[in-house]
Amino acid sequence: MQTINMTLPMSVNQRYAFFLFIIAVLVYLPGLPGEFIYDDYFNILQNPAINNSELSLLDAWTASISGTSGPLGRPLAMLSFYLNYHLAGFSPLSFKLVNILVHALNTVIVFFIVSKLLSLLAIRTNFSSEIVDIRSTAFWSTIIWAVHPINLTAVLYVVQRMTSMAAMFTLLGIYCYITLREKIENNLSQFISKLILIILFGLVSALCKENGLLLFVFLLAIECFFFHWHVNTLSERQCLNIFYFIVIFLPSCLAIFMLLNGELTAKYSGRSFDLIERSLTQFRVIWFYIFQILLPQADIFGLHHDDFILSKSIVEPISTLWATASLVLLSFFAIRHRKKIPWLAFGLTFFFIGHLMESTILPLNLVHEHRNYLPSIGLIIIFVISLNLMVNKIKFINKHYFFAVITLLFTILTISRAHDWSDVILLGERLVQHHPNSVTSNYEMGYAYTKKYLQTKNPVFGTAAKVALRKAETLAINTTQPAIALIHLNAMLGEEEDQSIINKLVINLKNNKINNTEIVELRQLINCQVESKCNLTSTTIHSLFSSILENEKVTGRLSDDVRYIYSSYLVTIPNGASQGLAIMRDVVLRNPNTLEYQIKLISILLTNEKVNEANMLMKDLNKSHGIKFHTIKE
């Protein structure tokens, strides 16, 4: 086979990379202003491991392991938030700027990867560079991905740095693997060391977000489509076999074992859908993603898609059947024609692999746009090559002008979305406008108006907040967060308690599955009461805590967090200090290594004039955590 030399002069690559980097930054600059939202608070602003930390190795370690997202806690992403805070404080602009720079860097890596993959297609298949120019195809594919509106939440939503950082290390692993496998001659020791480096990229990516482990599945697809297991020596063959045994076979066996044991699906008890319903719904979700990538509709985009209709069966709604059948047929077509149309088969495979973890059987939320951050690369490659082939047949259309227009349209849509993110009120209104039946979108708008009211004391914002939270509370079925927020707002406004909402909340707190966001909302309500900024009666507060502590689904650390909050309230009311102390002692006994609990116990002990016991605890913390306290004499 004749070898096609697709190597570009380095200066050309650098110019393209620099231009793409700048474009990736510029398109998101309108979203730099604005504030933190939703999960940003729980993971960053209200995280004591960050907001109460100093710049030290111990505090850096504490912050990195403070994450509660995913089974691994995503320590490297949490560490980046910690460093961001110590670099520029809690400035949303600085956090967003880091996210944008990560995205810009990813854009450069994507360009080099797509260039190499298209070059490999030209060399190893009948993919002709005369039909599709590799340089321009790689450029247009990358720039469309860089400015695509579906990637916005992975860039401007601060907490989704978890997604973009994981993608960065995944992309580096892919690039490293391609450069290793395309090399004609390899020193065996270098071959092994690069495979080890790739494994490290995968592990680092997973420590940013768990789907970083999909790096190795991406590599398997690239191996099958582009390299076909061709090696130069028997030793390289053995190394590759061992590599894929470690990164594919062993994890697959572990995943199957965990699935059979029910560990991967255990959290469905806290969801409003079961395994079958979620799996069926995902066929429709995948088509939703495909259409939003290829033909994006501005009025469908949003941060929350909790209003997405659930598939109760294969025919309810009937679109579930069509979505399932069409995806199966599309996959069959791509497999059957993988040699004739390799770019179609690979692009779809890349897209499906990217959704293996978050869009299949795991009990996660049904829809999130940021899940397409890496997978969309596969579809965009198909999109660009398909249009390229079509335009080549129409002689009077300049393909560069054609792709420039498409890029401009995507850019305008993304800039418009980014502008919405520059103002939390505008964002809240836009989220509700696009998804009026979304509980979370209505809650977010209510929260934004509440913050505005606290800043300005303008009753107009207070009224608007009540309307939004009331709607969220009415729509809510499986969460008590809007109800707690509404009670909190009414108490701040000095209004009478709405007994109907309180009674409904008491029932739901006793029977529903409760999550961390609801506990955070409850803590904010109690803090308001403790600071005498809210006017709830003690009867109401006792009834809320009694109901949630009777909930059999509230166990472990979640239960202890509730008791911690309750004790914080009890020590501030007449005749409640001794009960609060007893509760806090019990919490610390079960969680001897939780610093926040121990500090709270010390505070309560001093309130109850238990000076000796408080001094003993302070000395223990000094030894175990290096925290210096001034002991108090009786």
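The values are calculated or read from the model by the stated rules, or taken from the named source; none is laboratory data. Quantities reported herein were computed from a predicted structural model and do not represent experimental measurements. Because the Cβ atoms are built from the backbone with ideal geometry, glycine has one as well, and the counts that use them run over all protein chains shown. Calculation scope for accessible area: heavy atoms of the full protein, side chains included, ligands and nucleic acids excluded. Shrake-Rupley method; radii C 1.70, N 1.55, O 1.52, S 1.80 Å.
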### Unmet criterion (only one of (1) among the charged types (D, E, K, R); (2) without any contact (Cβ under 8 Å) to a residue 60 or more places away in the chain; (3) part of a helix (DSSP H, G or I)) for residue 395
(3)
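Go through the stretch 31-47 and count every residue that is part of a loop (DSSP other than H, G, I, E, B), surrounded by 16 or more Cβ atoms within 10 Å (Cβ to Cβ) and not charged (D, E, K, R). So that I can check it myself, show each step before the final result.
At the first step, the residues of the stretch 31-47 found to be part of a loop (DSSP other than H, G, I, E, B) are 32-38, 46-47.
With surrounded by 16 or more Cβ atoms within 10 Å (Cβ to Cβ) added as a condition, the list becomes 32, 34-38, 47.
Among the residues that remain, those that are also not charged (D, E, K, R) are: 32, 34, 36-38, 47.
Summing the residues that are part of a loop (DSSP other than H, G, I, E, B), surrounded by 16 or more Cβ atoms within 10 Å (Cβ to Cβ) and not charged (D, E, K, R) in the stretch 31-47 gives 6.
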### Message
Can you tell me how many residues within the stretch 351-402 are open to solvent by 40 Å² or more (accessible area, probe 1.4 Å), hydroxyl-bearing (Ser, Thr, Tyr) and over 16 Å from residue 283 (Cβ atoms)?
### Response
2
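From the residues in the stretch 572-599 that are farther than 24 Å from residue 49 by Cβ and of a type in the set (A, V, I, L, M), which one is modelled with the lowest pLDDT? Quick ask: steps written out before the conclusion?
Within the stretch 572-599, the subset farther than 24 Å from residue 49 by Cβ is 572-582.
Those left that are additionally of a type in the set (A, V, I, L, M): 573, 577, 581-582.
Values: 573: 85, 577: 80, 581: 83, 582: 85.
By that ranking, first place goes to 577.
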### Task
With the condition kept exactly as written, say whether any residue in the stretch 205-217 is within 30 Å of residue 117 (Cα to Cα), among the hydroxyl-bearing types (Ser, Thr, Tyr) and under 21 Å from the mean Cα position of the chain (by Cα).
yes
### Query
What number of residues within the stretch 227-272 are open to solvent by 50 Å² or more (accessible area, probe 1.4 Å) and among the hydrophobic types (A, V, I, L, M, F, W, C)?
15
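Right, residue 286: among the β-branched types (Val, Ile, Thr) and open to solvent by 30 Å² or more (accessible area, probe 1.4 Å) or not?
In short, no.
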### Subset of the stretch 89-117 that is of a type in the set (Gly, Ala, Ser) and within 30 Å of residue 136 (Cβ to Cβ) - its residue that is surrounded by the fewest Cβ atoms within 10 Å (Cβ to Cβ)
104
### Summary
Inside the stretch 416-443, the number of residues satisfying the requirement of being surrounded by fewer than 20 Cβ atoms within 10 Å (Cβ to Cβ) and among the aliphatic types (A, V, I, L, M) is 2
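Of these, 281, 324, 320, which one is within 21 Å of the chain's Cα centre (by Cα), part of a helix (DSSP H, G or I) and among the β-branched types (Val, Ile, Thr)? Step through it out loud before you land on a result.
Working: 324 fails: within 21 Å of the chain's Cα centre (by Cα); 320 fails: within 21 Å of the chain's Cα centre (by Cα).
The unique qualifying residue is 281.
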### Message
I need the full set of residues from the stretch 525-584 which are closer than 19 Å to residue 504 by Cα and in contact with a His (Cβ under 8 Å, 6 or more places away or on another chain), in order please.
### Response
525
### Criterion violated by residue 480 - all others in (1) touching a residue at least 12 places away in the same chain (Cβ under 8 Å); (2) open to solvent by 30 Å² or more (accessible area, probe 1.4 Å); (3) closer than 26 Å to residue 309 by Cβ satisfied
(2)
### Scope the stretch 208-217; condition crowded, with 21+ Cβ neighbours inside 10 Å and either more than 15 Å from residue 245 (Cα to Cα) or hydroxyl-bearing (Ser, Thr, Tyr) (or both); matching residues
208, 209, 211, 212
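Limited to the stretch 48-93, what total is found for residues that are more than 13 Å from the chain's Cα centre (by Cα) and either assigned to a helix (DSSP H, G or I) or closer than 23 Å to residue 421 by Cα (or both)?
Step one: of the stretch 48-93, the residues more than 13 Å from the chain's Cα centre (by Cα) are 48-66, 71-72, 75-76, 79-93.
Among the residues that remain, those that are also either assigned to a helix (DSSP H, G or I) or closer than 23 Å to residue 421 by Cα (or both) are: 48-51, 57-64, 75-76, 79-93.
Final tally of qualifying residues: 29.
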### Query
Take the residues of the stretch 495-513 that are open to solvent by 50 Å² or more (accessible area, probe 1.4 Å) and not acidic (Asp, Glu): which is modelled with the lowest pLDDT?
513
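Out of 143, 37, report the one residue that is more than 19 Å from the chain's Cα centre (by Cα) and among the aliphatic types (A, V, I, L, M).
On the way: 37 fails: more than 19 Å from the chain's Cα centre (by Cα).
Result of the check over 143, 37: 143.
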